[in-house]
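Engineer: Supplied in structure tokens, the structure appears directly below.
The values are calculated or read from the model by the stated rules, or taken from the named source; none is laboratory data. Since the structure is predicted, the reported quantities are computational estimates derived from the model, not experimental observations. Glycine also receives a Cβ, built like all others from the backbone with ideal geometry; neighbour counts cover every protein chain displayed. These accessible areas exclude ligands, DNA and RNA; they are computed on the full protein's heavy atoms, side chains included. Shrake-Rupley method; radii C 1.70, N 1.55, O 1.52, S 1.80 Å.
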Amino acid sequence: MRKLQHLRQHLLDRVAGLAANPDRLLTFVQDGAIEFHRGQHLSHEYQVPAQLVLTDYSGDLDEVMIPLLQWLSRYEPGLSPKDGLRFEAEILANNRWDLMLTVPLTERVVAVVNCDEGRIDVEHRLPEYDIEPCPAEHWRLYIRRPEVDQSYE
């Protein structure tokens, strides 16, 4: 589940306020699965429906989604754009909410049995697909909001 740890760190580094309060980003896995083949071959794939929960969040949804989509484009490019992401939110106050994202992740593990040495070498694969059009590592997100008339009678 190194991929989930990698995604978590990516969001902590890029979503405003999370680096200073990492305990506000909770991660869970429910109903994960392991695809494997019978026999001596021990390589397998974790299929992880990762749940990411941002507690007491006061930012814009795009401030979370843009870094998440950037990460997914690089590490889960085969994810279905139509069915890939799900989210739920609980509004706590006008400017605070809890947000739960469900992201399906896959992580390949190659396990090679070395009978002569009596060992099994395990490697977690985290392939990186360079499909982003711009190579910049750090971005500043600008969100346009329509001006809302706040006058009340």
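Engineer: At 0.36 nm per residue, and after removing the present C-alpha to C-alpha distance, how many nm does the segment from Arg96 to Asp62 gain when stretched out fully?
Structural biologist: Net length gain for the segment: 10.8 nm.
Engineer: Something else about it: Taking all protein chains as present, what is the carbon and sulfur share of the accessible area of segment 27-99, in % to the nearest whole number, probe 1.4 Å?
Structural biologist: For segment 27-99, the apolar C and S fraction of the accessible surface comes to 50 percent.
Engineer: Moving on. How far apart, in nm, are two points set 7 Å out from the Cα along the Cα-to-Cβ line at Glu117 and at Gln9?
Structural biologist: Spacing of the two 7 Å Cα→Cβ label points: 2.5 nm.
Engineer: Based on Cα coordinates alone, diagonalise the gyration tensor for segment 2-143, multiply each eigenvalue by 5, take square roots, and list the semi-axes in whole Å, largest first.
Structural biologist: With the √(5λ) rule applied to segment 2-143, the semi-axes are 33, 17, 14 Å.
Engineer: Separation between the Val29 and Leu85 pseudo-spin-labels, each 7 Å from Cα along Cα→Cβ, expressed in nm?
Structural biologist: 2.2 nm
Engineer: Which FRET efficiency, nearest 0.05, do Glu45 and Gln70 yield, Cβ-Cβ r, R0 30 Å?
Structural biologist: Using R0 = 30 Å, I get an efficiency of 0.80.
Engineer: Do any trypsin sites (Lys or Arg not before Pro) in segment 11-105 lie in a DSSP loop with no more than 10 other beta carbon atoms within 10 Å, and if so, which?
Structural biologist: Taking segment 11-105 and a limit of 10 other Cβ atoms within 10 Å, the loop trypsin sites (Lys or Arg not before Pro) found are Arg38, Lys82.
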